[in-house]
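The values are calculated or read from the model by the stated rules, or taken from the named source; none is laboratory data. If you're wondering where the values come from, they're calculated on a predicted model, not measured in any experiment. Counting neighbours? That spans all protein chains shown, and the Cβs are built from the backbone with ideal geometry, glycine included. What goes into the accessible areas is simple: the full protein's heavy atoms, side chains included, and nothing from ligands, DNA or RNA. Shrake-Rupley method; radii C 1.70, N 1.55, O 1.52, S 1.80 Å.
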Amino acid sequence: MKNFISLLIFLLFAWLGIWWYYSCDWCAKKSEENSTQIEKKSDTEAEALAKKAYEDSLAASRKSSILSIKDHRGEEVFSYPENLKINNTNGEVYIPESLKGLSGKIADYLGEHQDQEVIISGYENSSETENSSELGISRANFIKNLLVDSGVNPDRIVTKPQLESYNYDTDGNYNGGIHIGFNQLDEARISEIEKGVANKTLYSKFAQKTFTPDATLTNYTLELRNYLDKYPNKSVQIIGHTDDVGKEEANLWYGQERANNVKNYLISQGIPKAKIKALSEGETNPIAPNDSEENKAKNRRIEIIVN
């Protein structure tokens, strides 16, 4: 009997041993399969992250290769297949040939949208910021000066630096580096701009026999007309000034002719003749000594006062 019980115990332990052996082998295989799946999943996630990083890099590269200018609603106004380019040496901005008409387009857009301004952000990276090089604002002001030369009212241009992460190429250039966008004017900015419209000084070749308004006068006329529509009870005074070259009587006449040229142009652009008065102060009210060509040019001016 004892032998029989011993045999049963032996067989039971043998069966348990066999079961354990094969069970552990299955567990090991299962564990290995799970580990492989986890590794595959990790590889897949890593590949996905790498792919996304690559696509983001391509998108950033494409973005820097084109110039897109949007309005305050985020809608694209202008788009160019090339972009502006900055360098690591100074605040100058390279403008490709395909962008040569950009300043005029911005001026025309602001002329048609009197309730907007243009925001120009000049990029600078962290090392440039740490060095206090002010390259960002210099780059923005470089573009601003081009717009002013195209007749844009400087009061409607906002410039600022913008910290960005980028690297220059082997030639020290970066394709991009300037962000331009249009913004809706708020009441405070409108009030500030209106002060400039009501007291404007213009410098131009007003004494030409065949008078041709320049971009500054053209764009100012749009602003003035908009201003007078808003304040219909106001009137315009145009004052011609000269340097002291020649006789005083002749300069008084030249100043009057220049004022008349501007007056006639304003009338031709829809501003009522009854609202405009043109006069001359000749050489009698200089804003700089007439001791250099630069100062004489400052004195040859047209003042427009709206009250």
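Descriptive notes on the structure:
- Rounded percent of accessible protein surface that carbon and sulfur make up, region 201-307, 1.4 Å probe: 49 percent
- Spatially proximal aspartates and glutamates relative to K195 (Cα-Cα < 14 Å; intrachain offsets below 8 disregarded): D155, E187, E223, E303
- Equivalent-ellipsoid semi-axes of region 207-263, from the Cα gyration tensor, Å, largest first: 27, 14, 8
- Note: region 159-229, Cα convex hull, 180 Å³ per residue.
- Gap separating the Cα centres of region 125-166 and region 175-244, nearest whole Å: 22 Å
- Full extension of the chain between K273 and Q184 gives 28.9 nm of extra length, using 0.36 nm per residue less the Cα-Cα distance.
- Rg to Rh, two decimals, where region 131-264 supplies the alpha carbon set and Rh follows Kirkwood: 1.10
- Sorting 165-172, 240-247 by average packing, meaning the other beta carbons within 10 Å per residue, from highest down gives 240-247, 165-172.
- Flagged links, alpha-carbon separation over 20 Å, of K247/K277; K70/K105; K70/K200: K247/K277; K70/K200
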